[in-house]
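Structure first, commentary second.
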Amino acid sequence: MTTSPFFRVGLPLLLALLLAACTDQAPAPAQGKAAVTVVTLHPESVMLTRELPGRVNPFLVAEVRPQVGGLIQSRLFDEGTQVKTGQPLYQIDDASYRADVNSARAALKRAQATHQAAKTRAARIAELASKKVVSAQDRENAEAALAEAAADVGVARAELDRQQVTLDHARILAPIAGRIGKSMVTQGALVTANQDTALATIQQLDPIYVDLTQSSAELLKLRQELAAGRMDASGELPVSILQEDGSAYAHPGKLAFTDISVDPATGSVLLRVEVPNPEHLLLPGMYVRAEIGVGRSSEALLAPQPAIQRDPKGGAFALIVGNDGKVARREVQVSRTIGNRWLIDSGLIPGDRVIVEGLQKVRPDALVTAVERDAAPAAPKSN
């Protein structure tokens, strides 16, 4: 078979051109270092806070009860209003008590008259005794009668005071200042002394208490940190109140006391906070939450939230860039957030450069180019 001149000359030429074209292509460039953004950790001084649930309770509570019996003549206050200490609330029919006072007053006058007569007689007997007209026995008898009359005056005056107190109790006064609730009795109702049912209840609402509950385990851990010197609780710790709708209450509170006993049913400890309440926005029985300062940590390490990752088992870890430019993995423990950062309990040390951006591009032991980013400012409160 005879081949054409084209195949004998053109085909080798075409193959040579294709080979030359393949030879002229540039080789693929080597892959460079991944660029990541890091934040260098430095110790900071932060106030650690804890959010706790609580209930609002009145500052003072007084249940108004009668101290004498009788019929209610009139109610002297408007329900739901503010009353002052000593303000009249109820008037009990006091006719019989007034009569007892008048009787005691008359008995006092009679005793005083008897005392005056005994005094005059004793003076006369003493004068006669000095002249040897009467015996010493007569003088002693006159002095004894005078002393007895003086004692009778004291008894009569005490009885008058007692009857006056009973009469005064027929007019029931407010024992404290505060907001009075509804009246449990009406005009014409029969009441008895020290009865079980209160006539009304007065509650002082400004200031007001917020009773919080904290687990005993958490309180124990806090005290251990204070004892170890990792936290300082000296000075007045801040307390802010969050209302039922989550909004912040305008007036800060202060910790009044921490109870010394643990509730066996819940394993919690009571913390009482005193809060100003001039607008009466906080009402007894209302559910609130409080952010209460537990102490100041002067050597806290705070890592941005993007730097802390979780493995499939839920463990926390961070990727850092070492001095050699290589990525290393650190297992960490975190306890709470402060603003948009995690408080590091262990696993990281001051000077570590944690990766906050570019995490998806790197693996441990990879060489990277680290670019520093300023850390976010610490928030004043923690959760």
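The values are calculated or read from the model by the stated rules, or taken from the named source; none is laboratory data. Since this is a predicted model, take the numbers as computed values, not measurements. Backbone-built Cβ (ideal geometry, glycine too); neighbour counts: all protein chains shown.
With respect to the conditions (1) at positive phi; (2) touching an Asp or Glu at 6+ places or on another chain (Cβ under 6 Å), Gly358 falls short on a single one, namely (2). When residues in region 257-281 are screened for being within 25 Å of Gln82 (Cα to Cα) and hydrophobic (A, V, I, L, M, F, W, C), 3 of them pass.
Return the residues of region 186-201 that are assigned to a loop (DSSP other than H, G, I, E, B) and crowded, with 17+ Cβ neighbours inside 10 Å; say none if nothing qualifies.
First, pick out the residues of region 186-201 that are assigned to a loop (DSSP other than H, G, I, E, B): 186-189, 192-199.
Of everything in region 186-201, just one residue is assigned to a loop (DSSP other than H, G, I, E, B) and crowded, with 17+ Cβ neighbours inside 10 Å, namely Leu199.
For Asp196, state whether it is of a type in the set (Asp, Glu), modelled with pLDDT of 95 or more and out of contact with any helix residue (DSSP H, G or I) (no Cβ under 8 Å at 6 or more places or on another chain). Spelling it out, it is not the case that Asp196 is of a type in the set (Asp, Glu), modelled with pLDDT of 95 or more and out of contact with any helix residue (DSSP H, G or I) (no Cβ under 8 Å at 6 or more places or on another chain).
Which residues, taken from region 47-90, are part of a strand (DSSP E or B), more than 27 Å from Gly285 (Cα to Cα) and β-branched (Val, Ile, Thr)? Ile72, the sole residue that qualifies.
Go through Ala300, Ala290 for me and flag whichever is of a type in the set (A, V, I, L, M), under 30 Å from Gln82 (Cα atoms), buried (at least 19 other Cβ atoms within 10 Å of the Cβ) and touching a Ser or Thr at 6+ places or on another chain (Cβ under 9 Å). Break it down into steps so the answer makes sense when it comes.
Numbers: Ala300 fails: under 30 Å from Gln82 (Cα atoms).
Every option except Ala290 fails the conditions.
When you check Ala142 against the structure, is it assigned by TED's automatic domain parsing to the domain that holds Asp100 and either exposed (fewer than 12 other Cβ atoms within 10 Å of the Cβ) or touching a helix residue (DSSP H, G or I) at 6+ places or on another chain (Cβ under 6 Å) (or both), yes or no? Yes: the conditions hold for Ala142.
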